[in-house]
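These notes are about the structure you will find just below.
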Amino acid sequence: MILAKVIGTVWATQKDDGLVGTKLQIVRPVELDYKEKTNFFVAVDAVGAGVGEIVLICQGSSARQTELTENKAIDATIMAIVDKLDVIE
Amino acid sequence: MILAKVIGTVWATQKDDGLVGTKLQIVRPVELDYKEKTNFFVAVDAVGAGVGEIVLICQGSSARQTELTENKAIDATIMAIVDKLDVIE
Amino acid sequence: MILAKVIGTVWATQKDDGLVGTKLQIVRPVELDYKEKTNFFVAVDAVGAGVGEIVLICQGSSARQTELTENKAIDATIMAIVDKLDVIE
Amino acid sequence: MILAKVIGTVWATQKDDGLVGTKLQIVRPVELDYKEKTNFFVAVDAVGAGVGEIVLICQGSSARQTELTENKAIDATIMAIVDKLDVIE
Amino acid sequence: MILAKVIGTVWATQKDDGLVGTKLQIVRPVELDYKEKTNFFVAVDAVGAGVGEIVLICQGSSARQTELTENKAIDATIMAIVDKLDVIE
């Protein structure tokens, strides 16, 4: 899974039936200090994360392993909101 | 999922049976301002997207989770046409 | 899917049983003008593509979604021979 | 699979039900001499690895092939603790 | 699939049950002239490949499509030993 920050939302009227009712959030991967990287992608929100929150994102077929995303054309899911990180280096 | 722009079409007579009747679109990933990146790949269109449109693309096994692409040798599917993005940074 | 050019063949006597009878082709991804990139990988041919031809390649679990490659240890399949590209940029 | 070092833990109260009871470890890929690379990601621990240990990580759908991670929204699993490497170059 | 050279072995006592009895080989991807690249990863050997041999490696869920690796937390499998390459460029 990767750490990312929710930075926005995609609006799409014309979409595959499986996506109706899902929230398509734009996310940017972040560093351990939550500094945003420059790339971004789109993930479906399974935990009610808002813009600005730091989240965990699951990708690939595993992104379909939640009640909301099962059997849907979704390859990235926000599956946790991060409270804090404990890092020892 | 990633944002991309449809820039063309692939024509292929000799192909796996599962691909008959699918539209093979050439897409370029785009930035948040829809500026095209330099790479490209091919995706099957599941929502009737035309050349020039900004779309959402699902990759990997999740690309097979639409009625059109189920059980086919397809690893990228256009599953939404983007209306607009709301981005807060 | 990605565009690639078939540039050769891998010969392997000692291999997993599922691969017996498959043709292991060496392919190089290409640009939209068919210019070869520098990387390469190996794909199983499901459509009778010869060396020098431009093909479409499906990767990951979707590579197993042809009659020839089903349930086999194959992660890349040539599933179409490209006739031409229509690109509008 | 890749070699990595466990460098910390993610705390997340609000998460998908499947993740309850799993330990979300922050890991950095390492070189053959265990020197850490600069990137990192998050993996679920299936073998009781502690911070500082060198581990093997399985990614993608294969990350769900342990008793602990089966059918869960998990795309990376720590599935072994490395004792030593034998390398001949 | 990718071409790689077996350069060593990982020893791990504490591991997921599915890995017991598997051989965890360290491999480096190679060029068409078998020159080693700088990266490496770990793959399970399904064909009895020894250190120094050039092999074909299957990744992702397809890595589980051999008798030895079925249903295991394995994302890369050595599924052929390369005899020779025929390349026309």
Original post:
residue D:79 is checked against (1) open to solvent by less than 20 Å² (accessible area, probe 1.4 Å); (2) within 11 Å of chain E (Cβ to nearest Cβ); (3) assigned to a loop (DSSP other than H, G, I, E, B) and fails just one. What number does that condition carry?
Top reply: (3)
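What about residue E:5, is it touching a residue at least 40 places away in the same chain (Cβ under 8 Å), outside any loop (DSSP other than H, G, I, E, B) and open to solvent by 40 Å² or more (accessible area, probe 1.4 Å)?
Here the answer is yes, as residue E:5 does meet what is asked.
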Original post:
Is it the case that residue A:18 is more than 23 Å from residue D:19 (Cα to Cα), outside any strand (DSSP E or B) and at the interface with chain B (Cβ under 8 Å from one of its Cβ atoms)?
Top reply: yes
**OP:** For residue E:87, state whether it is buried (at least 22 other Cβ atoms within 10 Å of the Cβ) and at the interface with chain C (Cβ under 9 Å from one of its Cβ atoms).
**Re:** no
Subject >> Answer residue from the stretch E:23-39, given it is under 16 Å from residue D:84 (Cα atoms) and out of contact with any Gly (no Cβ under 6 Å at 6 or more places or on another chain) and is nearest to the other protein chains (Cβ to nearest Cβ) among those >> reply: E:24
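The values are calculated or read from the model by the stated rules, or taken from the named source; none is laboratory data. The shown structure was predicted, so the numbers you read here are calculated from the model rather than taken from an experiment. Virtual Cβ from ideal backbone geometry, glycine too; neighbours counted across all protein chains shown. Note: accessible area is taken over every heavy atom of the protein model, side chains too, but ligands, DNA and RNA are not part of it. Shrake-Rupley method; radii C 1.70, N 1.55, O 1.52, S 1.80 Å.
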